[in-house]
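The structure under discussion appears below in the form of structure tokens.
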Amino acid sequence: MVKFKATIQKYGEQGEKTGWTFVEIPEKLAQELFPGNKKSFRIKGKLDDLAISAQALIPVGGGVFILPLKAALRKQLGKRKGETLLLNITRDANPDPVPMPEDFAACLEDEPDALANFKKLPKSHQHYYIRWINSAKTEPTRVKRMAQAIVALSKGRHYGEMIRELKKDEG
């Protein structure tokens, strides 16, 4: 378990990470969490008093990692850029998988091309689809998202391509 304080930061212009809010995990602490590792890995523990699990640490160079803080997580913490966060974390060697919703699994079974393309995706990319579907606030939105996902997967699209296509169609 590694315990330390970090200041919440936000990238300005930083390629694909532009606008990300994060805390930095110095090389020494990252090596305590996962010795010899230079690739992204998952952590669990507490941010202040908030329990977390299966959160990704992302390498940014020189042995330094960042822990991205998505808006929902920042809202739960009640913290913003420039504020201090107490981290009490350890490596999550067995992060909880994102469970496949039964209704989405049934839809995929009905569409063999979509299912085949879904299975080709890395687990993390499969989880993007599942989380997007599960985040729908109403049943009609959930059904619409499942249909959109099936169409995109049938065309061999990954999640990002589908989202860009949907935004382009809206505009």
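The values are calculated or read from the model by the stated rules, or taken from the named source; none is laboratory data. Source: prediction; values computed, not measured. Methodologically, a virtual Cβ is constructed for each residue, glycine included, from the backbone with ideal geometry; neighbour enumeration extends over all protein chains shown.
Only one of E32, E16 is part of a helix (DSSP H, G or I) and either on the phi > 0 side of the Ramachandran plot or at pLDDT below 95 (or both). Can you tell me which?
E16
Considering only residues that are β-branched (V, I, T) and surrounded by 16 or more Cβ atoms within 10 Å (Cβ to Cβ), look in segment 1-38 and name the one that is nearest to L57 (Cα to Cα).
I25
Quick grid of which residues meet (1) touching a Lys or Arg at 6+ places or on another chain (Cβ under 6 Å); (2) surrounded by fewer than 11 Cβ atoms within 10 Å (Cβ to Cβ):
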| position | (1), (2) |
| --- | --- |
| V60 | no, no |
| L67 | no, no |
| R74 | no, no |
| K81 | yes, no |
| A93 | no, yes |
| L108 | no, no |
| K120 | no, no |
| R131 | no, no |
| K144 | no, no |
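Kindly indicate whether I58 is farther than 29 Å from Q14 by Cβ and at pLDDT 90 or above.
no
Could you check how many residues of segment 146-170 are surrounded by fewer than 18 Cβ atoms within 10 Å (Cβ to Cβ) and hydroxyl-bearing (S, T, Y)?
1
Within segment 35-63, track down each residue that is farther than 15 Å from I89 by Cβ and in a strand (DSSP E or B).
Within segment 35-63, P59, V60, G61 meet the criteria.
When segment 1-13 is examined, which residues are found to be in a strand (DSSP E or B), over 20 Å from A93 (Cβ atoms) and of a type outside the set (F, W, Y)?
Those that are in a strand (DSSP E or B), over 20 Å from A93 (Cβ atoms) and of a type outside the set (F, W, Y): K5, A6, T7, Q9, K10.
Looking only at segment 118-133, decide whether some residue is under 28 Å from V23 (Cβ atoms), polar (S, T, N, Q) and not assigned by TED's automatic domain parsing to the domain that holds K70.
Looking through segment 118-133, at least one residue is under 28 Å from V23 (Cβ atoms), polar (S, T, N, Q) and not assigned by TED's automatic domain parsing to the domain that holds K70.
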